[in-house]
Every structure is written in structure tokens, then in C-alpha cells.
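A.B. asks: Can you keep this structure in mind? I'll have questions shortly.
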Amino acid sequence: MERHYSIAIDGPAASGKSTAAKGVSKILGFLYIDTGAMYRAFTLYMIEQGKDPKKEEDALALLPAFRMNEDSRGHVYLFDRDVTERVRERDVSALVSYACAYKAVRERMVEIQRELAKRTSVVMDGRDIGTVVLPNADLKIYQVASVKARAERRYLENQRKGIACSLAEIEADIEKRDYIDSHREHSPLTKAKDAILLDTSDMTIEEEIETIVSLFRKKVGESWKDTEQSR
Ligand code: CDP
Ligand code: CDP
């Protein structure tokens, strides 16, 4: 059976995980899986159904009917509707850390994520990939950047997308979300012991991608070269 590889990228909000993961997956020919998008899609579903993500019973009531999908272009679908842009908006960002903290919600998402990683080589980004979802990943990266750098990046990103928001609001949102994500009971954001710490505050996107690809090549060595040559 063909050997499948996995790269886990975790870290706080806007540290550049998904940008790096997309770039790395393109170079290596792996599938990129954005796990944050799954929790965001569930949060949007709750909002649209008039439910309160801060109430566990509301989340549990909606979980069985929830269906989402991600395609290889990184688009996210809630049922059949493309919600890729919608799930990045501020109302979802402000509530996602509540909706994703419940044990049953996490178990359901982790099951989907592991199933995807079984079928092919993946680059997966999130908060608990190296610690919970793929504890045996071939390479684990824990990506950080200063709050200032992260808020500025998100601010520019929102401006490009036409999402209205002040820099101060973004900084406050990020700090709040980091706090909730790191202090929750189930699968909190934390660095896996065997993850490599990567501070991207002063790195360009290209440097970030090159660093991760070269760490991966070094880590898996000869076994990867064989697979690469046979592709
Ligand atoms: O892109 P950004 O870092 O802003 O967020 P994201 O990766 O889309 O994740 C949104 C939220 O989902 C996070 O703040 C976490 O609360 C939650 N999340 C999680 O709990 N576990 C994951 N594996 C991924 C995301
Ligand atoms: O996935 P995560 O929330 O960790 O971050 P992201 O969505 O990949 O990156 C947040 C923003 O920072 C994006 O607009 C990236 O283009 C930008 N970025 C950057 O300016 N420099 C980097 N080294 C990495 C990302």
C-alpha cells in the first residue's frame, strides 16, 4: 500500500498557518485540510438556525444534522452552499471558540479529519492537530507570531476582502480567541512536545513555506525521495 504522509501545523489565530499549509501542500502534492473552517462552518450553521454557540445544548441539538465539505481548492461548503468567505466574517470569528469547545463537537470533527488523512497525504492546520488529531504526524509545526504582526496581517487581509474592521478590534478579537482556545477543557491550543516552534513574525510567506518543506524533506529523508520519484 502507498505510504501516506502527514504534516500538522498548529498555532494561534493569524500566525500564517493556512497560508503556509496551502503553499506546502501545493509543492508536495498533498491535500490541504483547513480544520478551522469546519468549526467555522458549524458556528455559521448555529447562527443561521438562530441558536446560541455559547449554549452547549444548542450545539448538541444541531450537531447530528450538520453537514459540511471542503474541496481540494480549499473551498468550504455548508451543506451544498459555498461559505468560504462568509465563515471568515467577524460574527463567526467572535463565536467560533465557543461552538468548538464542546466535547461532542470536537469528537465529530476529529473523526472526519482522521478519515480524510487516512486516504491520502495531507497538510492539516488547526489547534490540536499535532496533539490530538494526528499524534503520529511525520512533521509537526507550532507556528507563532507576535499579536501585533498577526493583527496587522488580518487587518490587511480584511481590507483586501472588503470586511470592515479596525486594527484595535482585530487585536482584541485575536487575543480573546487565543485565550479561550488555550484555556478550554477539551483539546486546548498547546504545542505538542515533538513540534518544531516556528516564529513567523519577521518571515515572508515564501520563507515560511520553504522552511516547512525543507524540514519535512529532512525529517522523512530517503523514504520520501522514493515516493517523490515514483510519482
Ligand atoms: O484562521 P484563524 O486562525 O483565525 O482561525 P481558524 O484556524 O479558522 O480557526 C477558527 C477557530 O476554530 C479557532 O479560534 C479555534 O477556536 C477553532 N479551532 C479549533 O478549536 N481546533 C482546530 N483544529 C481548528 C480551529
Ligand atoms: O491560518 P492562520 O489564521 O494562522 O493565518 P493565515 O490566514 O494563513 O494568515 C493570516 C494573514 O497573514 C494572511 O493574510 C496572510 O497572507 C498573512 N501572512 C503574512 O503576511 N506573512 C506570513 N509570513 C504569513 C501570513
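The values are calculated or read from the model by the stated rules, or taken from the named source; none is laboratory data. Note that the coordinates shown come from a computational prediction; the quantities given were computed from them, not determined experimentally. Cβ sites come from the backbone with ideal geometry, for glycine too, and all protein chains shown count toward neighbours. In case anyone asks, the SASA skips ligands and DNA or RNA and just uses the protein heavy atoms, side chains included. Shrake-Rupley method; radii C 1.70, N 1.55, O 1.52, S 1.80 Å.
A.B. asks: Looking at the stretch 183-191, is at least one residue free of Cβ contacts under 8 Å to residues at least 24 places away in the same chain, away from ligand 2 (no atom under 15 Å from the Cβ), under 18 Å from Ile212 (Cα atoms) and not small (Gly, Ala, Ser)?
C.D. replies: Checked the stretch 183-191: no residue is free of Cβ contacts under 8 Å to residues at least 24 places away in the same chain, away from ligand 2 (no atom under 15 Å from the Cβ), under 18 Å from Ile212 (Cα atoms) and not small (Gly, Ala, Ser).
A.B. asks: Same structure, new question: Of the residues in the stretch 181-197, how many are within 16 Å of the chain's Cα centre (by Cα) and of a type outside the set (D, E, K, R)?
C.D. replies: Residues in the stretch 181-197 being within 16 Å of the chain's Cα centre (by Cα) and of a type outside the set (D, E, K, R): 7 in total.
Let's see how each residue does on (1) modelled with pLDDT of 95 or more; (2) over 20 Å from Ala117 (Cβ atoms); (3) in contact with a Leu (Cβ under 8 Å, 6 or more places away or on another chain):
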residue	(1), (2), (3)
Met1	no, no, no
Ala8	yes, no, yes
Ala21	yes, no, no
Thr35	yes, no, no
Tyr39	yes, no, no
Glu56	yes, yes, no
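A.B. asks: With the requirement that a residue be within 24 Å of Gly162 (Cβ to Cβ), without any contact (Cβ under 8 Å) to a residue 40 or more places away in the chain and crowded, with 16+ Cβ neighbours inside 10 Å, what does the stretch 67-83 give you?
C.D. replies: Correct list: Glu70, Tyr77, Leu78.
A.B. asks: Now a separate question. Which count do you get for residues in the stretch 173-208 that are more than 23 Å from Ile141 (Cα to Cα) and exposed (fewer than 13 other Cβ atoms within 10 Å of the Cβ)?
C.D. replies: Of the residues in that region, 0 qualify.
A.B. asks: Additional query: Would you call Ala59 touching a Phe, Trp or Tyr at 6+ places or on another chain (Cβ under 6 Å) and of a type in the set (A, V, I, L, M)?
C.D. replies: Yes; evaluated as a whole, the condition is true for this residue.
A.B. asks: Can you give me the ranges of the strands (runs of 3 or more DSSP E) entirely in the stretch 104-223 with at least 2 residues that are within 15 Å of ligand 1 (Cβ to nearest atom) and touching a Lys or Arg at 6+ places or on another chain (Cβ under 9 Å)?
C.D. replies: Ranges flagged: 122-126, 139-144.
A.B. asks: Right, something else. When only residues in the stretch 131-168 that are among the small types (Gly, Ala, Ser) and at negative phi count, which is most open to solvent (accessible area, probe 1.4 Å)?
C.D. replies: Ranking the qualifying residues of the stretch 131-168, first place goes to Ala164.
A.B. asks: Determine the pairs where a residue that is in contact (Cβ under 8 Å) with a residue 40 or more places away in the chain, located within the stretch 1-18, has a partner that is assigned to a loop (DSSP other than H, G, I, E, B) and among the hydroxyl-bearing types (Ser, Thr, Tyr) with Cβ atoms under 8 Å apart, the partner being 6 or more residues away or on another chain.
C.D. replies: His4/Thr120; His4/Ser121; Tyr5/Ser121; Ser6/Ser121; Ser15/Thr200; Gly16/Thr200
A.B. asks: So, one more: Go through (1) under 29 Å from Met109 (Cβ atoms); (2) under 20 Å from the mean Cα position of the chain (by Cα); (3) of a type in the set (D, E, K, R) and name the single condition Glu207 misses.
C.D. replies: (1)
A.B. asks: Identify the residue in the stretch 7-42 that is over 14 Å from Asp128 (Cα atoms) and of a type in the set (Phe, Trp, Tyr) and, among all such residues, is nearest to ligand 2 (Cβ to nearest atom).
C.D. replies: So, considering only residues that are over 14 Å from Asp128 (Cα atoms) and of a type in the set (Phe, Trp, Tyr), the one nearest to ligand 2 (Cβ to nearest atom) is Tyr32.
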